[in-house]
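These notes are about the structure you will find just below.
The values are calculated or read from the model by the stated rules, or taken from the named source; none is laboratory data. It should be emphasised that the depicted structure is a prediction, and the values quoted were computed from it without experimental measurement. Note that we place each Cβ from the backbone using ideal geometry, even for glycine, and neighbour counts take in every protein chain shown.
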Amino acid sequence: MLVDTLINIPYYHAVGKEMDVFKQAYKNKIPILLKGPTGTGKSRFIEYMAHQLDKKLITISCHEETSSTDLIGRFIIKGAETVWLDGPLTTAVKEGSILYLDEVAEARPDVIVAIHSLTDHRRELFIDKLGVTVKAHEDFMLVASFNPGYQRGFKELKPSTRQRFIAVSFDYPEPKIETEILINETEIDSDTAKKLVTIGNKIRNLTELGLTETVSTRLLVDAAKIIHSGLPKRLSVHVAIVEPLTDDLQTIQALKDLCDLMI
Ligand code: ADP
């Protein structure tokens, strides 16, 4: 039993004071915004915190088609009847779960409008299709993630929305921690883990390449996984780290050559 319980605990390595911040935000029922590039542990952090606080976590991966209807709910036809079906946001508000809106800036603007009344003192959700207002359960908490994307192609979040959240920045962990993460996630040997982290940092520092997003911890974990399961190291680095970053053939070749010297 104990082993079962231990196995199900999400693994998360703290990189700063984010756990303390989250606990206090939860206590005070202040929504929290996790900012940072993709693959830096935001989702893993929220999974871990939900587990720590013994709360159910409902995650919505937002994209450009995500609308308030998807979140709040809709009427569906069931046999000869039309019945109302709560969406994930309404469910979380009623039952007191943690709702995680991953990449909230990608969603349609009506999603932001729908969550406004939940992010201030009112803590209520207006369901326009039913004409009712639902008070949030005491334990309900809203968490959102956002990729500030200092480079092209990312959507922004309005100040009027951002200022409804406590915000925590996520970034690539320092080498020692990132190495530990790779070892913990994949059981790879520490020498290879260190080399992968060095490759990651080397590419991250090559800002002149103008990559939209650089090497995330996720990519390093993926490389470590396939190395650990038997794929040759160089090939693993090519397919898990270099190829996902760019389609520019010259850049790909230059990065492969660089990585080959390092692993
Ligand atoms: P994000 O939500 O920021 O895009 P994820 O939480 O999905 O990123 O993280 C991607 C992967 O990176 C995780 O599956 C995990 O393997 C690893 N990871 C990143 N940061 C951490 C961390 N601090 N502790 C444990 N694993 C991490």
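Okay, here's what the table says:
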{"item": "Single residue of segment 206-227 satisfying the filter (over 10 Å from LEU182 (Cα atoms) and of a type in the set (Asp, Glu)) that is farthest from the ligand (Cβ to nearest atom)", "result": "GLU208"}
{"item": "Of residues in segment 146-161 being exposed (fewer than 10 other Cβ atoms within 10 Å of the Cβ) and either closer than 19 Å to GLY41 by Cα or among the small types (Gly, Ala, Ser) (or both), the one modelled with the lowest pLDDT", "result": "TYR150"}
{"item": "Elements of type strands (runs of 3 or more DSSP E) contained in segment 48-130, each with 2 or more residues being surrounded by fewer than 13 Cβ atoms within 10 Å (Cβ to Cβ) and free of Cβ contacts under 8 Å to residues at least 12 places away in the same chain", "result": "73-78, 81-86"}
{"item": "Evaluation of VAL197 against (1) more than 15 Å from the ligand (Cβ to nearest atom); (2) of a type in the set (A, V, I, L, M); (3) farther than 30 Å from ASN28 by Cβ (one fails), failing number", "result": "(1)"}
{"item": "Only listed residue being out of contact with any Cys (no Cβ under 6 Å at 6 or more places or on another chain), part of a helix (DSSP H, G or I), in contact (Cβ under 8 Å) with a residue 24 or more places away in the chain and under 18 Å from TYR12 (Cβ atoms), chosen from ASN184, ASN201", "result": "ASN184"}
{"item": "Condition check for LEU211: of a type in the set (A, V, I, L, M), at pLDDT 95 or above, surrounded by 16 or more Cβ atoms within 10 Å (Cβ to Cβ) and under 26 Å from LYS42 (Cβ atoms)", "result": "no"}
{"item": "Unmet criterion (only one of (1) within 16 Å of the ligand (Cβ to nearest atom); (2) at pLDDT 95 or above; (3) surrounded by fewer than 19 Cβ atoms within 10 Å (Cβ to Cβ); (4) β-branched (Val, Ile, Thr)) for THR38", "result": "(2)"}
{"item": "Where THR161 falls short, out of the listed (1) hydroxyl-bearing (Ser, Thr, Tyr); (2) under 29 Å from GLN24 (Cβ atoms); (3) touching a helix residue (DSSP H, G or I) at 6+ places or on another chain (Cβ under 6 Å); (4) within 16 Å of the ligand (Cβ to nearest atom)", "result": "(4)"}
{"item": "Segment 41-77: number of residues that are within 16 Å of the ligand (Cβ to nearest atom) and either touching a Cys at 6+ places or on another chain (Cβ under 9 Å) or among the polar types (S, T, N, Q) (or both)", "result": "4"}
{"item": "Qualifying positions in segment 230-251 - of a type in the set (Gly, Ala, Ser) and either away from the ligand (no atom under 15 Å from the Cβ) or on the phi > 0 side of the Ramachandran plot (or both)", "result": "GLY230, SER236"}
{"item": "Residue count, segment 228-253 (criterion: touching a residue at least 12 places away in the same chain (Cβ under 8 Å) and over 12 Å from LYS195 (Cα atoms))", "result": "11"}
